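Read-outs: derived from the displayed coordinates by stated rules, not from any lab. Values in this document were obtained by computation on a predicted structure and should not be read as measured data. Positions of Cβ are backbone-derived with ideal geometry, glycine not excepted, and every protein chain shown enters the neighbour counts.
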Amino acid sequence: MSSETEKKVMPKYIKFLFGGTAGMAATCFVQPLDLVKSRMQMSGLKGGQKEYPTSFHALKSIIKKEGILALYTGLSAGLFRQATYTTTRLGIYSMTFEYFTKGTETPGFFMKAGLGMFAGICGAFVGTPAEVALIRMTLDGRLPLAERRNYKHIGDALVRITREEGVLTLWRGAIPTMGRAMAVNTAQLASYSQAKEVLIESGYFTQGILLHFCASMFSGLVTTAASMPLDMAKTRIQNMKTIDGKPEYKGTVDVLGKVMKQEGIFALWKGFTPYYARLGPHTVLTFIFLEQLNSFYYRYVLGQDAPVSM
């Protein structure tokens, strides 16, 4: 292999493209779980009465009342969210990870956490409009007919939100969204990278799908526990309505305080099962798709083995 070939690297735009593609592919599998998670997080708001005792009850109720296809409500928004949020965060993380990798020496755990945090903030800001539309579309079915927004698709949602509520509404909940993204990406990207290294050093794993799967499942569990309270705050803020000129919540701290006071501290992890059932497989599928796309590009386009990644 010539020195010229050895110096070939993946273009930056390909890193962004592969990141978004991996996230969108994973979303096609887990969208129903995302919908159930959102419904669970909004339950129990009326007189302290739980709308869905368990995730299974939520799933059963949605299918019974709205039909099985309702599980894919908001899919266009979910895909657009991945096209914006995941494209940005994984692209930036891959670029910065590569920049701070010196030969075979990869960044340490705290550096990975910092890179993940930075990538998460950037991705969350870009992806907040899609997040707002997704939350509203997945929760629309639980509202009375007269109160439903009935967005047809992501384009209709973005246009109507801008026209009816102002363009800044597209970034409603941006701060808790960015806070959640910091927690998610710091936990997810750093724990995934660290888990891969530990598993390889154990001598029982080599580069391949099994390694990516095990590292992803561990990463998904850590990420779920770390990010759920912020995800709940984000969900409720983005779905709230303004009554008599006053918003239901003042901010993230207000949401968390009211939830703990009215529903108990463990309510912050309400919907843990569907959240992990969604985030775990989504993490697994996203990283597996991403690793395979990277490997394919290096092998068949650049004609060389893929370097150390993520």
Quiz item: Rounded to the nearest 20 Debye, what is the dipole magnitude of the range 57-183 about its Cα centre when Lys and Arg each give +1 and Asp and Glu each give -1 at the C-beta?
Solution: 360
Exercise. Rank the residues Asp156, Asp34 as a footprinting-exposure proxy: fewest other Cβ atoms within 10 Å of their Cβ go first.
Key: Asp156, Asp34
Exercise. Would you work out which of His282, Ser193, Gly245 lies farthest towards the positive end of the dipole of the chain? Charges go on Cβ: Lys and Arg +1, Asp and Glu -1.
Key: Gly245
Quiz item: Between the range 279-307 and the range 120-192, how many Å separate their Cα centres?
Solution: 28
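Given the pairs Lys37/Lys246; Lys15/Lys196; Lys64/Lys246; Lys64/Lys152, which span a C-alpha to C-alpha distance of over 29 angstrom in this model?
With Cα atoms farther than 29 Å apart: Lys64/Lys246.
Rounded to the nearest 500, what is the 222 nm mean residue ellipticity of the chain from helices alone, with -39500 (n - 2.57) per DSSP H run of 4+ residues and division by all residues?
Calculated mean residue ellipticity at 222 nm is -22500 deg cm²/dmol.
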Exercise. Round to the nearest 10 and give me the degree value, 0 to 90, for the angle of helix 109-139's Cα axis relative to the longest principal axis of the chain.
Key: 40
Quiz item: By how many degrees, 0 to 90 and rounded to 10, does the Cα axis of helix 12-42 deviate from the longest principal axis of the chain?
Solution: 30
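Based on the inverse mean of 1/r over its pairs of different Cα atoms, what is the Kirkwood hydrodynamic radius of the range 231-310, in Å?
16.2
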Quiz item: Relative to the longest principal axis of the chain, what angle (0 to 90°, nearest 10) does the C-alpha long axis of helix 174-201 take?
Solution: 40
Quiz item: Gap in Å between the Cα centre of the range 203-222 and the Cα centre of the range 251-275?
Solution: 30
Quiz item: If you wrap the range 115-209's Cα atoms in a convex hull and average its projection over all directions, what's the area in nm²?
Solution: 8.6
Quiz prompt | Kirkwood Rh in Å, taken over the range 64-183 so that all alpha-carbon pairs contribute | solution = 15.9
Practice problem: Would you please report the Å³ per residue occupied by the convex hull of the alpha carbon atoms in the range 4-152? | Solution: 151
Practice problem: Quick one: dipole size for the range 10-301, taken about the Cα centre, charges +1 on Lys/Arg Cβ and -1 on Asp/Glu Cβ, in debye to the nearest 20. | Solution: 680
Quiz item: Dividing the alpha-carbon Rg of the range 168-310 by 2.2 N^0.38 Å yields what?
Solution: 1.32
